[in-house]
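Worksheet: one structure, shown below.
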Amino acid sequence: MPDRYEDVDLRRGSSRHDLVQRLQRDLIELGFNGIDKADGVFGRLTYWAVRDFQAYAAMEHVAVVASPGSSIYADQLGRAATGAARYQGHVSGVVDQATRAALQIWLASRWRCPVVVEAWTMAGGKRASLVAENIWRHDHVPSSTPRMFVVDLSDHFGHPENTSVGDRIVLGDFQKYLQWSGPRSVPPTHTVPEAEMLPSSLVGRPLEDLSAAERSTYKVVRAVSEVECIGFYDSVNAYDNAFVSAGPCHWTLGIVSPGGNVSEGELCGFLAYLKHADRADYDRLMTKFGVEIDETWIDATGQPTGKSLFNPDSRKYTGWVAMVDETGQPRRLVEREEDGNYFKTWHWFYRFVAAGRQLPGYRRAMWTMARMRLRDIAAASIDGQLTIGDVFTSERAMAILQRWHIRFPGHIVSGGKAGSALREVYATARGYVDSWPANPKHWAQRHEDALLKALRLRVATAGGDLPQTIGQVDAWPTWAGGSNPRRYQLSPAIGSLDISRGSFKFESAGLPPPPY
């Protein structure tokens, strides 16, 4: 068969506008219509579409036009096995010989992208009318009214309980925040019940089987998660300046500054750890789509400390993404907003949501990563002799510190030791009680009460949304005794966060060694 693209490798900046235009039309026909139009210019959107085509062409199952008479695009599609025609090349964004051959097979076989995202209006909790179909770009449907659903015929991530391959599954909606916008998912409207961060999926055992330390640490992590990801693995944000935020600390992929530059994000730190802890789940989410994390969790001595990602100043693990090129090597992505927006597309959003719903290793790694934050905060010095963990020992205090460090890390840890705001809290608390023994083991409940009082006082002046969210943590679980709008399944027997001195019991089992 003659090569449809004249045996020419096409890539960003290609001068063969006629062939690029043909490529763009083909991609749109195959369902990869994140491209604005077939203008013959191989730019960023075409590059993204080629990468997505290569990733989906490498899957075992894709879509095929089976019912062309259906009025809704997704309903025209059936499921087809790629078999020997499965794409074996790199997910690079370069249309090389292997990609050209795959494109021609797809066109001849009437194969289509196996994942379709749709926007629907809702009435009475059910889909009413289709607003837009096969949406890709984060701002393709710039309205918060419709609800987005996904049809996935690849079953790459599996599918939620009580559903079948190819069912329409709720995904999220569109939101705006300042000058940014994009997808989000919030419970219970856009999440599935089995994606709640329960002990069975996060820790690995049901609530009644947790040890004292597991229970105490889980309570702190869960209380903070209800502020961050609202207590669900599949509650994801992609509408603000963080590209994507996920997990119990809502780790961010990166942070966009006002000028459009990007600083490294904690979600990349988590993903680097996931690659070390559960390579299969990492590959399913990242490698299969031609993306890696630029930094590795293994340090220069061969130990799994995460040192190359660790910021000793704020005690966070951050990194950035790398895109696989045509040689199969990952190359660090340009740290600019317009390039990072690839991860705000509805398909990438779906991948993170699906990982939260379906990948057990992805979930369990979150337990470890959230505990590392608690460990690293507690180990920081507060006055040269005592650590933060020596001073604050109640469950309530540790949960407040965890949330505060997520929102304003420099308030809690700066320069590798307690930040000025936390030192101010400590000094204020010492003014409430006449006697503070040198050894904190001799401190009593009145000392912990003073520390909590000083924490709440300083939080009130910290700025942002911190007073409100710390109040939510402080009062957790507010849903246990009354209204439960998020439909949490966690048993109210979990109890509130204990304010008793020494009540926080840290579960350290299975943590990687610290990088300091």
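Computed quantities for the displayed model
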{"quantity": "Extended-chain gain in nm, criterion 0.36 nm per residue less alpha-carbon gap, residue 435 and residue 483", "calculated": "13.0 nm"}
{"quantity": "Global geometry of the stretch 189-277, whether rounded, prolate or oblate, following the gyration tensor of its Cα atoms and the 1.5 cut on a/c", "calculated": "prolate"}
{"quantity": "Sum of side-chain charges, residue 264 neighbourhood, beta-carbon under 12 Å (Lys, Arg +1; Asp, Glu -1)", "calculated": "-2"}
{"quantity": "Mean Cβ count within 10 Å, highest first, over the residues of peptides 228-234, 182-188", "calculated": "228-234, 182-188"}
{"quantity": "Additional length obtainable on full extension of the chain from residue 178 to residue 460, 0.36 nm per residue less Cα span", "calculated": "99.1 nm"}
{"quantity": "Potential lengthening between residue 329 and residue 122 on full extension [0.36 nm per residue; Cα-Cα distance subtracted]", "calculated": "70.1 nm"}
{"quantity": "Least to most buried among 191, 327, 252 (fewest other Cβ within 10 Å first)", "calculated": "327, 252, 191"}
{"quantity": "Neighbour-count order for 207, 153, fewest beta carbons within 10 angstrom listed first", "calculated": "207, 153"}
{"quantity": "Translational D in µm²/s for the stretch 255-342 (Stokes-Einstein at 20 °C, 1.002 mPa s, Kirkwood Rh from C-alpha pairs)", "calculated": "158 µm²/s"}
{"quantity": "Two-site FRET efficiency, residue 300 against residue 88, from Cβ-Cβ distance with R₀ of 35 Å, rounded to 0.05", "calculated": "0.55"}
{"quantity": "For log10 I(q)/I(0) by the Debye sum over Cα atoms at q = 0.05, 0.08, 0.11, 0.13 Å⁻¹, calculated from these coordinates, the label among (i) -0.22, -0.54, -0.95, -1.25; (ii) -0.19, -0.48, -0.91, -1.25; (iii) -0.28, -0.66, -1.13, -1.42", "calculated": "(i)"}
{"quantity": "Karplus (6.51, -1.76, 1.60) ³J(HN,Hα), θ = phi - 60°, over the stretch 261-267, in Hz, Gly and Pro reported as x", "calculated": "6, 10, 9, 4, x, 6, 5"}
{"quantity": "Relative contact order computed over the stretch 261-369 (Cα-Cα under 8 Å; 6+ residues apart), in percent", "calculated": "31 percent"}
{"quantity": "Nonlocal amide H pairs with residue 321, under 5 Å, H built at 1.01 Å", "calculated": "294, 333"}
{"quantity": "Cα-projected label distance for residue 37 with residue 261, points at 7 Å along beta-carbon direction, nm", "calculated": "3.6 nm"}
{"quantity": "Two-site FRET efficiency, residue 211 against residue 420, from Cβ-Cβ distance with R₀ of 25 Å, rounded to 0.05", "calculated": "0.10"}
{"quantity": "Residue 109/residue 446 FRET efficiency (R0 51 Å; Cβ-Cβ; nearest 0.05)", "calculated": "0.10"}
{"quantity": "Separation in nanometres of the label points that stand 7 Å from Cα toward Cβ, at residue 499 and residue 75", "calculated": "5.8 nm"}
{"quantity": "Integer Hz, Karplus 6.51/-1.76/1.60 couplings in order for the stretch 301-309, x for Gly and Pro", "calculated": "8, x, 9, x, 9, x, 4, 5, 9"}
{"quantity": "Residues in the stretch 476-509 that a label on residue 453 would reach, taking backbone N under 18 Å of a point 7 Å out along Cα→Cβ", "calculated": "499-502"}
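None of the figures in this text is laboratory data; all of them are computed from the coordinates on show. Predicted, not measured: the structure shown is a model, and the values here were computed from it. Please note: Cβ atoms are built from the backbone with ideal geometry, for glycine as well, and neighbour counts cover all protein chains shown.
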